[in-house]
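Have a look at the structure below before the remarks.
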Amino acid sequence: MPISLKRQVYDQCVLPTMTYGCQTWSLTKATTQKLRVAQRAIERNILGIKLADRVKCSEIRKRIQIQDTVDFVAKQKWKWAGHVARLKDNRWILRVTEWQPRNGKRSRGRQARRWRDDIVKTKGNTWSRDARDRDEWKRDAEGYILQWMDRAS
């Protein structure tokens, strides 16, 4: 099977299946690492390269030219955040996004990473207000994705 056909199958079947529901994930370093490892394994499998062949990942990426999984996940999350922020009625999606647990003492250790933490880190606490301007939100998407590409590397 030609590589172009394998690339098309990856983009249309494998990538959407692998990242189903990614809009709601809290992107952590562990999650991005798992996605990268899975993508590298798929890329090697498509090209028929074994780990023992010791081919660099950058070389494989140049040869295969498929969409980066972490990049795809970050784009989807950014789009979903804009969509949620532009909701007008009081749907449960909006309520859950802004919900803060307030009962009792929290457990020891670092706080669990919440869905909105990534977006707040990029846009600040006014992200939901900023997302209502669709054109500006689309322009800011590139910065968010680049931030994730730098952080995940």
At R0 = 22 Å the Cβ-Cβ FRET efficiency linking Asp133 and Leu94, nearest 0.05, sits at 0.80
Those chymotrypsin sites (Phe, Trp or Tyr not before Pro) from region 1-95 that are DSSP loop and have at most 15 other Cβ neighbours within 10 Å turn out to be Tyr20
Taking N as the residue count of the chain, its alpha carbon Rg divided by 2.2 N^0.38 Å gives 1.23
To the nearest 0.05, the calculated FRET efficiency linking Arg40 and Lys105 through their beta-carbon distance, R0 being 41 Å, is 0.45
Pseudo-spin-label distance Ile3 to Lys79, built 7 Å along Cα→Cβ, given in nm, is 2.7 nm
Probe 1.4 Å, all chains present, heavy atoms only: Cys57 accessible area in Å², nearest 10, is 60 Å²
Checking region 96-145 for chymotrypsin sites (Phe, Trp or Tyr not before Pro) in a loop per DSSP with at most 10 other beta-carbon atoms within 10 Å yields Trp99
In debye to the nearest 20, the charge dipole size for the chain, taken about the Cα centre with +1 at each Lys and Arg Cβ and -1 at each Asp and Glu Cβ, equals 640 debye
Here, Met18 and Leu146, labelled 7 Å along Cα→Cβ, have an inter-label distance in nm of 2.5 nm
Partner aspartates and glutamates whose C-alpha sits under 17 Å from that of Lys138, ignoring same-chain residues fewer than 8 away, are Asp71, Asp118, Asp130
For the chain, the percent of accessible surface on carbon and sulfur atoms (probe 1.4 angstrom, ligands and nucleic acids excluded) is 51 percent
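Looking at the P(r) of region 30-83, how many percent of alpha-carbon pairs lie beyond 12 Å?
Summing the P(r) tail past 12 Å for region 30-83 gives 67 percent.
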With R₀ set to 25 angstrom, the calculated FRET efficiency between the beta-carbons of Lys62 and Lys29, to the nearest 0.05, is 0.50
For the chain, dividing by residue count, accessible area per residue (probe 1.4 Å) in Å² works out to 68 Å²
Computed ³J(HN,Hα) along region 49-55: with the Karplus parameters 6.51/-1.76/1.60, θ = phi - 60°, integer Hz and x for glycine or proline, the list is 9, 9, 4, 5, 6, 6, 8
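Which of the trypsin sites (Lys or Arg not before Pro) across region 1-53 are loop residues per DSSP, with 12 or fewer other Cβ within 10 Å?
Sparse-neighbourhood loop trypsin sites (Lys or Arg not before Pro): Lys50.
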Expected max-MSF residue from Gln100, Gln12, Gln67 in the GNM of the chain (alpha carbon, under 10 Å) is Gln100
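The values are calculated or read from the model by the stated rules, or taken from the named source; none is laboratory data. The shown structure was predicted, so the numbers you read here are calculated from the model rather than taken from an experiment. So basically every Cβ, Gly included, is an ideal-geometry build from the backbone, and we count neighbours across all protein chains shown. Protein only, heavy atoms only, side chains kept; ligands, DNA and RNA dropped before computing areas. Shrake-Rupley method; radii C 1.70, N 1.55, O 1.52, S 1.80 Å.
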